[in-house]
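Before any comments, here is the structure.
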Amino acid sequence: MSKTILEIRELKREFTMGAETVRALKGISFTVQTGEFVTIMGSSGSGKTTLLNILGCLDKPTIGDYLLDGVDVKKLSRDELAQLRNHKIGFVFQAYNLLPRTTALENVELPLLYNKEVSSEERRKRAINALEAVKLADRHDHTPSQLSGGQQQRVAIARALVNEPVMILADEATGNLDSRTSYEIMALMQELNKTQGKTIVFVTHEPDIASFSHRTILLRDGIIQKDTPNENIRSAREVLDGLPVSDDY
(Lines give C-alpha, C1' and ligand atoms only; values in the text may rest on other atoms or scores of the structure.)
Protein backbone atom coordinates (compact mmCIF):
# COMPACT_ATOMS: atom_id res chain seq x y z
CA MET A 1 0.00 0.00 0.00
CA SER A 2 1.49 3.35 -1.05
CA LYS A 3 2.20 6.13 1.43
CA THR A 4 1.45 9.82 0.96
CA ILE A 5 4.88 11.46 0.83
CA LEU A 6 3.77 15.00 -0.03
CA GLU A 7 0.51 16.68 0.92
CA ILE A 8 -0.59 20.22 0.01
CA ARG A 9 -3.84 21.47 1.58
CA GLU A 10 -5.55 24.74 0.59
CA LEU A 11 -2.16 26.36 0.16
CA LYS A 12 -1.96 30.11 -0.47
CA ARG A 13 1.08 32.33 -0.85
CA GLU A 14 0.77 36.10 -0.90
CA PHE A 15 3.43 38.77 -1.27
CA THR A 16 3.15 42.44 -0.36
CA MET A 17 4.68 44.73 -2.97
CA GLY A 18 4.24 48.34 -1.94
CA ALA A 19 0.53 48.94 -1.54
CA GLU A 20 -0.38 45.83 -3.51
CA THR A 21 -0.88 42.23 -2.44
CA VAL A 22 0.19 39.70 -5.04
CA ARG A 23 -1.62 36.36 -4.69
CA ALA A 24 0.82 33.93 -6.27
CA LEU A 25 -1.00 30.80 -5.08
CA LYS A 26 -4.74 30.96 -4.44
CA GLY A 27 -5.59 27.81 -2.49
CA ILE A 28 -4.26 24.66 -4.12
CA SER A 29 -4.48 21.09 -2.87
CA PHE A 30 -2.87 17.85 -4.08
CA THR A 31 -0.99 14.82 -2.82
CA VAL A 32 1.91 12.76 -4.15
CA GLN A 33 2.32 9.09 -3.25
CA THR A 34 5.61 7.28 -2.66
CA GLY A 35 7.01 6.11 -5.99
CA GLU A 36 4.98 8.54 -8.12
CA PHE A 37 6.56 10.50 -10.97
CA VAL A 38 4.68 13.80 -11.19
CA THR A 39 5.29 16.74 -13.50
CA ILE A 40 4.20 20.28 -12.67
CA MET A 41 3.61 22.58 -15.62
CA GLY A 42 2.68 26.22 -15.96
CA SER A 43 3.57 29.31 -17.93
CA SER A 44 5.31 32.37 -16.50
CA GLY A 45 3.14 33.88 -13.75
CA SER A 46 1.25 30.65 -13.08
CA GLY A 47 2.67 30.24 -9.56
CA LYS A 48 5.00 27.41 -10.57
CA THR A 49 8.16 28.99 -9.12
CA THR A 50 6.41 29.93 -5.88
CA LEU A 51 5.12 26.38 -5.49
CA LEU A 52 8.58 25.00 -6.27
CA ASN A 53 10.14 27.15 -3.52
CA ILE A 54 7.58 25.88 -1.01
CA LEU A 55 8.01 22.24 -2.06
CA GLY A 56 11.78 22.68 -1.69
CA CYS A 57 11.35 24.14 1.81
CA LEU A 58 12.89 27.40 0.64
CA ASP A 59 9.69 29.29 1.50
CA LYS A 60 6.59 28.80 3.63
CA PRO A 61 2.93 29.20 2.67
CA THR A 62 0.97 32.22 3.90
CA ILE A 63 -2.05 30.02 4.59
CA GLY A 64 -2.57 26.30 4.26
CA ASP A 65 -0.49 23.23 4.97
CA TYR A 66 2.47 21.46 3.41
CA LEU A 67 3.38 18.07 4.85
CA LEU A 68 6.54 16.34 3.60
CA ASP A 69 6.90 12.74 4.76
CA GLY A 70 4.48 13.53 7.59
CA VAL A 71 6.31 16.69 8.73
CA ASP A 72 4.36 19.98 8.85
CA VAL A 73 6.77 22.38 7.15
CA LYS A 74 4.99 25.50 8.39
CA LYS A 75 5.92 24.73 12.01
CA LEU A 76 9.65 24.42 11.41
CA SER A 77 12.34 26.96 12.25
CA ARG A 78 14.89 28.06 9.65
CA ASP A 79 17.46 25.57 10.94
CA GLU A 80 14.90 22.77 10.98
CA LEU A 81 13.90 23.62 7.41
CA ALA A 82 17.54 23.41 6.32
CA GLN A 83 17.89 20.02 7.99
CA LEU A 84 14.68 18.76 6.37
CA ARG A 85 15.90 19.94 2.95
CA ASN A 86 19.24 18.21 3.39
CA HIS A 87 17.78 14.89 4.53
CA LYS A 88 14.47 14.60 2.67
CA ILE A 89 14.90 16.36 -0.71
CA GLY A 90 17.31 15.81 -3.57
CA PHE A 91 17.48 18.90 -5.81
CA VAL A 92 18.26 18.88 -9.54
CA PHE A 93 18.54 22.30 -11.18
CA GLN A 94 18.51 23.54 -14.76
CA ALA A 95 22.00 25.02 -14.40
CA TYR A 96 23.58 21.90 -12.77
CA ASN A 97 25.19 24.05 -10.01
CA LEU A 98 28.40 22.01 -9.90
CA LEU A 99 31.63 23.36 -8.42
CA PRO A 100 33.88 23.92 -11.46
CA ARG A 101 37.26 22.94 -9.98
CA THR A 102 36.01 19.84 -8.19
CA THR A 103 35.75 16.31 -9.49
CA ALA A 104 32.46 14.55 -10.15
CA LEU A 105 32.99 12.43 -7.04
CA GLU A 106 33.67 15.46 -4.82
CA ASN A 107 30.63 17.29 -6.23
CA VAL A 108 28.43 14.32 -5.38
CA GLU A 109 29.88 14.10 -1.86
CA LEU A 110 28.97 17.72 -1.06
CA PRO A 111 25.52 17.21 0.56
CA LEU A 112 27.02 14.62 2.91
CA LEU A 113 29.62 17.07 4.24
CA TYR A 114 26.83 18.59 6.37
CA ASN A 115 25.79 15.21 7.77
CA LYS A 116 27.88 14.52 10.87
CA GLU A 117 26.53 10.98 11.10
CA VAL A 118 28.30 9.96 7.88
CA SER A 119 32.02 9.14 8.00
CA SER A 120 34.38 10.16 5.19
CA GLU A 121 34.64 6.51 4.14
CA GLU A 122 30.86 6.11 4.02
CA ARG A 123 30.54 9.44 2.19
CA ARG A 124 32.89 8.29 -0.56
CA LYS A 125 31.15 4.91 -0.83
CA ARG A 126 27.72 6.53 -1.19
CA ALA A 127 29.03 8.99 -3.79
CA ILE A 128 30.55 6.18 -5.86
CA ASN A 129 27.26 4.24 -5.69
CA ALA A 130 25.31 7.32 -6.77
CA LEU A 131 27.61 7.88 -9.77
CA GLU A 132 27.21 4.22 -10.71
CA ALA A 133 23.42 4.64 -10.53
CA VAL A 134 23.60 7.41 -13.17
CA LYS A 135 26.06 5.41 -15.29
CA LEU A 136 29.11 7.59 -14.67
CA ALA A 137 31.25 5.03 -12.86
CA ASP A 138 34.19 5.84 -15.16
CA ARG A 139 34.01 9.62 -14.66
CA HIS A 140 34.80 9.93 -10.93
CA ASP A 141 37.88 12.10 -11.39
CA HIS A 142 36.54 14.34 -14.19
CA THR A 143 35.80 18.01 -13.50
CA PRO A 144 32.66 19.62 -15.00
CA SER A 145 34.66 21.16 -17.86
CA GLN A 146 35.68 17.64 -18.91
CA LEU A 147 32.05 16.48 -19.07
CA SER A 148 29.28 17.10 -21.59
CA GLY A 149 26.09 18.91 -20.56
CA GLY A 150 24.24 15.63 -20.19
CA GLN A 151 27.03 14.14 -18.10
CA GLN A 152 27.09 17.23 -15.86
CA GLN A 153 23.35 16.84 -15.28
CA ARG A 154 23.93 13.18 -14.40
CA VAL A 155 26.46 14.26 -11.78
CA ALA A 156 23.82 16.68 -10.44
CA ILE A 157 21.30 13.82 -10.26
CA ALA A 158 23.85 11.63 -8.47
CA ARG A 159 24.35 14.47 -5.98
CA ALA A 160 20.56 14.57 -5.47
CA LEU A 161 20.53 10.81 -4.77
CA VAL A 162 23.48 10.63 -2.37
CA ASN A 163 21.50 11.60 0.75
CA GLU A 164 18.87 8.95 -0.03
CA PRO A 165 16.05 11.55 -0.06
CA VAL A 166 12.34 10.75 0.06
CA MET A 167 11.76 12.97 -2.98
CA ILE A 168 13.74 14.21 -5.97
CA LEU A 169 12.68 17.75 -6.89
CA ALA A 170 13.79 18.73 -10.40
CA ASP A 171 13.52 22.31 -11.65
CA GLU A 172 13.54 22.46 -15.48
CA ALA A 173 16.30 19.82 -15.35
CA THR A 174 16.29 19.42 -19.15
CA GLY A 175 16.01 23.15 -19.90
CA ASN A 176 19.66 23.61 -20.95
CA LEU A 177 19.94 20.37 -22.92
CA ASP A 178 19.36 19.43 -26.55
CA SER A 179 16.52 17.05 -27.40
CA ARG A 180 18.54 13.85 -27.40
CA THR A 181 20.28 14.62 -24.11
CA SER A 182 16.92 15.63 -22.59
CA TYR A 183 15.55 12.20 -23.48
CA GLU A 184 18.63 10.55 -21.98
CA ILE A 185 18.00 12.39 -18.70
CA MET A 186 14.31 11.43 -18.77
CA ALA A 187 15.24 7.80 -19.46
CA LEU A 188 17.44 7.95 -16.36
CA MET A 189 14.63 9.53 -14.32
CA GLN A 190 12.21 6.82 -15.44
CA GLU A 191 14.76 4.15 -14.54
CA LEU A 192 15.34 5.63 -11.06
CA ASN A 193 11.58 5.81 -10.56
CA LYS A 194 10.90 2.27 -11.78
CA THR A 195 13.88 0.29 -10.45
CA GLN A 196 14.61 2.21 -7.24
CA GLY A 197 11.09 3.48 -6.53
CA LYS A 198 12.24 7.11 -6.32
CA THR A 199 9.47 9.69 -5.90
CA ILE A 200 10.05 12.43 -8.47
CA VAL A 201 8.42 15.86 -8.79
CA PHE A 202 9.62 17.37 -12.06
CA VAL A 203 8.87 21.01 -12.92
CA THR A 204 8.86 21.69 -16.66
CA HIS A 205 7.27 23.86 -19.31
CA GLU A 206 7.68 21.22 -22.03
CA PRO A 207 4.66 18.96 -22.75
CA ASP A 208 6.82 16.25 -24.35
CA ILE A 209 8.87 15.99 -21.13
CA ALA A 210 5.68 15.77 -19.07
CA SER A 211 4.51 12.84 -21.20
CA PHE A 212 7.16 10.63 -19.55
CA SER A 213 5.59 11.00 -16.08
CA HIS A 214 2.66 9.27 -14.37
CA ARG A 215 0.67 12.45 -13.89
CA THR A 216 0.70 16.14 -14.77
CA ILE A 217 -0.45 19.06 -12.62
CA LEU A 218 -1.11 22.20 -14.67
CA LEU A 219 -1.01 25.56 -12.86
CA ARG A 220 -2.58 28.73 -14.16
CA ASP A 221 -2.96 32.06 -12.34
CA GLY A 222 -2.19 30.52 -8.97
CA ILE A 223 -4.67 27.65 -9.12
CA ILE A 224 -4.59 24.08 -10.37
CA GLN A 225 -6.28 24.10 -13.75
CA LYS A 226 -5.83 20.36 -14.33
CA ASP A 227 -4.49 17.37 -12.41
CA THR A 228 -4.61 14.43 -14.75
CA PRO A 229 -3.00 10.98 -14.96
CA ASN A 230 -1.06 10.32 -18.15
CA GLU A 231 -2.93 7.44 -19.77
CA ASN A 232 -0.20 6.75 -22.31
CA ILE A 233 3.14 7.16 -20.54
CA ARG A 234 5.92 7.34 -23.11
CA SER A 235 9.18 5.47 -22.66
CA ALA A 236 12.12 7.84 -23.02
CA ARG A 237 14.33 4.83 -23.77
CA GLU A 238 12.12 3.87 -26.72
CA VAL A 239 12.19 7.46 -28.01
CA LEU A 240 16.00 7.41 -27.77
CA ASP A 241 16.21 4.11 -29.62
CA GLY A 242 14.37 5.71 -32.52
CA LEU A 243 16.86 8.60 -32.81
CA PRO A 244 20.15 8.67 -34.77
CA VAL A 245 23.13 7.39 -32.77
CA SER A 246 25.08 10.02 -30.80
CA ASP A 247 28.44 9.77 -29.08
CA ASP A 248 27.34 11.90 -26.12
CA TYR A 249 25.99 9.40 -23.61
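The values are calculated or read from the model by the stated rules, or taken from the named source; none is laboratory data. Keep in mind it's a predicted model, so treat the numbers as computed, not measured. Using ideal geometry, Cβ is built from the backbone for each residue, glycine included, and neighbour counts are taken over all protein chains shown.
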Output the residues belonging to segment 11-29 that are surrounded by 13 or more Cβ atoms within 10 Å (Cβ to Cβ) and on the phi > 0 side of the Ramachandran plot.
-> GLY27
Considering (1) closer than 20 Å to ALA130 by Cα; (2) of a type in the set (Val, Ile, Thr); (3) buried (at least 20 other Cβ atoms within 10 Å of the Cβ), say which one ILE5 fails and leave the rest.
-> (1)
Looking only at segment 116-127, and only at residues there that are in a helix (DSSP H, G or I) and not aliphatic (A, V, I, L, M), the one that is surrounded by the fewest Cβ atoms within 10 Å (Cβ to Cβ) = GLU121
Of LEU58, LEU147, LEU67, the only residue that is crowded, with 17+ Cβ neighbours inside 10 Å and of a type in the set (A, V, I, L, M, F, W, C) is LEU147
Those strands (runs of 3 or more DSSP E) lying entirely in segment 36-107 with at least 1 residues modelled with pLDDT of 95 or more and in contact with a Phe, Trp or Tyr (Cβ under 9 Å, 6 or more places away or on another chain) | 37-41
Working only within segment 1-30, note down all residues that are among the β-branched types (Val, Ile, Thr) and over 16 Å from the mean Cα position of the chain (by Cα).
-> THR4, ILE8, THR16, THR21, VAL22, ILE28
Here are some conditions: (1) within 19 Å of the chain's Cα centre (by Cα); (2) surrounded by 15 or more Cβ atoms within 10 Å (Cβ to Cβ); (3) of a type outside the set (Phe, Trp, Tyr). SER43 meets all but one. Which one does it not meet?
-> (2)
Matching residues in segment 17-35 - criterion: being in a strand (DSSP E or B) and within 29 Å of LYS194 (Cα to Cα) = ILE28, SER29, PHE30, THR31, VAL32, GLN33
Which one of ILE200, ILE185 is in contact with a Phe, Trp or Tyr (Cβ under 7 Å, 6 or more places away or on another chain) and among the hydrophobic types (A, V, I, L, M, F, W, C)?
-> ILE200
Filtered residue count, segment 192-222, keeping only those that are under 16 Å from the mean Cα position of the chain (by Cα) and free of Cβ contacts under 8 Å to residues at least 12 places away in the same chain | 1
